[in-house]
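Worksheet: the structure to be examined is printed underneath.
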Amino acid sequence: MFTKVAALAVANDEDEKRRRGGGGGGGRPVPTVVAKTTRGPSHAQAIAARAGIAAGAQPAMFKVISTAGTKGAAGALLEYLGTRPDEDGKKHDIEVFTSSGLSVETPEQRRALLEEWQEDFREAFQNTNFIEVDVELSGDPGQDDLHDALNAAFGSKPFVYARAGSTVKVYAYTEMKAAALAEALQKLDHENGRSGVLQRADDGITTRLKDAGVAGRAEIKAAVSTERGGQYFLQKFIRANAGVIKSDGEELPAGQRADKAAQALYASWKSDFKTVEPRNVYHVVFSARAGTDARALLRAAENVLAEKIPDHKWAIAHHAETGHVHVHAMILARSESGRQLHFSKADLYDWRATYAEKAREEGIAMVATSRMDFAASRPFNMRQAGAYERSRRDTRYSVSPTIAERVEAKRQAVFEAKTIAAYGAGISRGWQQTATMTRAAMPGSQADAGVAAFSAAIARVAAVQSSELRTTTLSSSREGTSLSPSVEKVDTLIDLTRRIQEIMSMELSPLELRRKIADVSKAFDRIDGSLSKKEDKQELAGIREEMNGLMNERLNDVRVQAATGGTGTADTVRDEGRPLREKDQQAKTQDRANEQNPRQPDKQAAPGTVAGKKAERQADRMERQNRDTQRSLDDDRER
């Protein structure tokens with residue numbers, strides 16, 4: 001089912017590209033397999049995976065469980081892999097296979113393996129993240145109040161600050177990821193506002209200041225993540241600001257040289273720096289349903305590791321004491337060439353897709369699916385599950401309702417209401433397409449009926465969720481309890497989510513998609529500005545973050561497809577956006593000309609007259625300016 005639907009979906013996509021003049025296959029034979037992607041599933045992959053699930057395949061389950069940074073933690077993990085309790089609870093050794101083809105079965109062999117791996121471990125290092133923040137005060141707090149609020153906002157981390165009127169400049173040590181903040185600052189687009197990571201960091205500092213009694217607006221201006229950079233910018237801060245005050249309330253001595261003061265201050269801060277344990281080892285697990293051939297699953301997992309990380313060392317073992325079949329693997333994070341292993345969201349899908357492919361090669365019906373395909377609730381990690389189980393055994397131990405709800409919802413396979421309310425129509429359309437492809441690929445199959453029924457069910461639940469949201473909001477407003485935004489604002493948000501769904505399904509160039517994303521961001525800003533309650537703003541921020549993540553993933557897909565020829569060549573995609581750039585640049589040029597010549601005649605001057613010749617010359621100049629501007633843009637693009 002997966003293979004036939006995938007081939008048909010790819011063929012349909014190629015035909016659609018040819019009809020649109022997007023290049024397509026150019027007469028070449030239609031591929032019979034789905035092209036691999038590292039940025040999430042392609043359209044054909046998603047349809048084929050849903051068809052496979054409808055035909056009885058199981059979803060690929062791959063998780064990164066934990067990491068280890070020290071030899072002790074890595075040794076404990078290897079011990080967990082290589083030992084299992086028997087019926088009496090007594091541990092016994094089991095066979096562990098390594099990337100070099102060896103079998104490790106005894107404690108001595110495990111210690112020898114760990115000693116070999118430890119040569120590639122990175123040492124623990126200190127977190128040297130620093131940020132420079134400008135705070136625009138809304139009121140006029142006293143010095144003591146301001147000092148206490150800054151200590152609360154920066155979590156009693158070492159910092160210095162200087163006040164000039166209503167502006168407070170702060171240079172602080174932080175546990176935020178300064179490298180990510182610095183990268184976001186470099187890519188800052190003043191037209192579209194600050195990116196999500198910057199905005200969240202700004203909002204966090206602003207909120208903590210407000211909770212401490214000082215109203216103002218915080219904005220991160222600079223970030224640095226190295227010791228050398230931290231010392232340099234501290235020295236620069238001291239030199240540029242007068243009356244610098246330390247986090248303990250003492251003012252820096254006047255007349256002291258900036259380099260000497262920064263050196264002494266930085267040395268006093270070192271005791272507060274957090275020591276970071278590097279990710280030297282990853283613990284991952286490959287899971288399958290009960291009854292799956294364990295040896296076939298072990299071979300599939302080994303093949304995944306051999307393909308995905310050929311130059312990394314790893315050890316793998318099958319744990320047979322549970323109902324479902326699962327294989328644990330321990331991966332050395334640093335490769336033989338010195339490359340460090342990381343798992344992003346896109347990487348996790350890519351690993352699941354490879355896992356499903358290798359499992360099918362071993363005779364296991366498995367496909368890689370997405371949480372969005374089923375509107376499934378968010379997953380939980382081992383720490384959250386452990387805390388939840390402990391709270392059930394011990395009434396003195398409690399966890400937040402959010403964690404409890406997440407664990408229960410995932411275990412009971414409950415739909416996520418917010419996901420269905422926001423994306424239900426798009427999910428339903430995806431399953432409708434799958435039903436059509438399934439029926440065409442394998443006529444007479446029973447799978448298409450199940451797919452169609454699931455699509456209809458999702459559509460009904462989505463309609464109910466939207467209706468309940470409006471009803472709850474309306475009843476709350478009638479009762480005088482403003483628990484959520486007004487009905488008009490809810491309708492605006494629902495319309496915005498539908499607009500996002502349409503954008504996600506459009507065939508757009510990267511430039512066009514970025515503009516759509518900028519428009520959506522502005523719409524969210526308008527909704528946020530109309531909200532007054534903190535709870536409403538936080539809920540909107542969560543929705544905004546999730547939707548931004550989906551749209552940015554879509555943008556990454558489009559970029560990769562453009563670069564690899566998935567939707568035409570990269571030059572073709574760029575050229576598709578050129579008319580928009582030309583119109584946009586011409587409009588901007590016209591606006592500048594209007595600003596420089598505000599006295600425009602109400603009527604067009606007659607040709608041949610003095611005014612008419614003047615207008616013609618002005619039009620020629622504007623046209624030449626447009627051509628020069630476009631030529632400059634083309635040169636920039638080529639560079």
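Please report M506, M551 as a ranked list, fewest other C-beta atoms within 10 angstrom at the top and most at the bottom.
M506, M551
Diagonalise the Cα gyration tensor of the stretch 125-276 and give the resulting equivalent ellipsoid semi-axes, square root of 5 times each eigenvalue, largest first, whole Å.
Each semi-axis is √(5λ); the values are 22, 20, 14 Å.
Going by amide H atoms built from the backbone, whose H comes under 5 Å of the H on V276, apart from near neighbours?
Correct list: F125, Q126, N127.
HN-Hα J couplings of the stretch 7-12 from phi, Karplus 6.51/-1.76/1.60, θ = phi - 60°, integer Hz, Gly and Pro as x?
Rounded to whole hertz, the list is 4, 5, 5, 4, 4, 5.
Each residue of the stretch 57-66 in turn: what ³J(HN,Hα) in whole Hz from Karplus with 6.51, -1.76, 1.60 and θ = phi - 60°, glycine and Pro shown as x?
6, 9, x, 6, 10, 10, 9, 8, 7, 7
Mind pulling the per residue volume of the convex hull built on the Cα atoms of the stretch 41-92? Å³ is fine.
128 Å³
Pop out the Kirkwood hydrodynamic radius of the stretch 326-476 from its pairwise C-alpha distances, inverse of mean 1/r, in Å to one decimal.
19.1 Å
On average over all directions, what projected area in square nanometres does the stretch 337-392 have, based on the convex hull of its Cα atoms?
6.8 nm²
Explain nothing, just the number: relative contact order of the stretch 177-293, from Cα pairs under 8 Å at least 6 residues apart, as a whole percent.
18 percent
Under a plain spin-label model, where a point goes 7 Å from the Cα along Cα-to-Cβ, how far apart in nm are D86 and A541?
About 5.5 nm separates the two model spin labels.
Semi-axes of the equivalent ellipsoid of the stretch 223-301: what are they in whole Å, largest first, if each equals the square root of 5 times a C-alpha gyration tensor eigenvalue?
54, 12, 10
Pairs K210/K522; K4/K358; K187/K516: which are spaced more than 23 Å apart, C-alpha to C-alpha?
Over 23 Å Cα-Cα: K210/K522.
Taking 0.36 nm per residue of sequence separation and subtracting the Cα-Cα distance, how much length would be gained by fully extending the chain between D272 and Y397, in nm to one decimal?
Additional length available on full extension: 42.0 nm.
For S66, what residues show an amide H to amide H distance below 5 Å, using hydrogens built from the backbone and excluding near sequence neighbours?
Here the answer is H283, since their amide H atoms fall under 5 Å of that of S66.
Over all distinct alpha-carbon pairs, what is the Kirkwood Rh of the stretch 365-427 in angstrom?
Across the stretch 365-427, the inverse of the average 1/r is 13.1 Å.
Take every Cα-Cα pair in the stretch 258-310 and report what % of them are more than 19 Å apart.
61 percent
What number results when the radius of gyration of the stretch 249-361, computed over Cα atoms, is divided by 2.2 N^0.38 Å?
1.79
May I ask you to sort I131, I543 by Cβ crowding, counting other Cβ atoms within 10 Å and putting the fewest first?
I543, I131
Report the gain in length on full extension from K187 to M506: 0.36 nm times residue separation, minus Cα-Cα distance, nm rounded to one decimal.
112.3 nm
Amide H to amide H, which residues 5 or more places from V367 or on other chains are under 5 Å from it, using H placed in the peptide plane?
Amide H to amide H, under 5 Å and 5 or more residues apart or across chains, V367 pairs with Q58, A60.
With θ set to phi - 60° and the Karplus curve 6.51 cos²θ - 1.76 cosθ + 1.60, what are the ³J(HN,Hα) couplings of the stretch 430-435 in order, to the nearest whole Hz, using x for Gly and Pro?
Coupling constants for the stretch 430-435: x, 6, 5, 4, 5, 4 Hz.
Past 31 Å, Cα to Cα, is the threshold; run K71/K274; K17/K418; K246/K537; K221/K260; K177/K313; K236/K274 against it and keep the listed order.
Pairs exceeding the cut-off: K17/K418; K246/K537.
What nm value, rounded to one decimal, do you get for the distance between T436 and L341 when each label is placed 7 Å out toward the C-beta?
4.2 nm
Hey, could you get me the Stokes-Einstein D for the stretch 59-210, Kirkwood radius over alpha-carbon pairs, 4 °C and 1.567 mPa s, rounded to whole µm² s⁻¹?
So the translational diffusion coefficient is about 63 µm²/s.
Laboratory data are not the source of any read-out in this text; all were calculated from the coordinates shown. Keep in mind that what you see is a predicted model, and the values were worked out from it rather than measured. All Cβ positions, glycine included, derive from the backbone under ideal geometry; neighbour counts span all protein chains shown.
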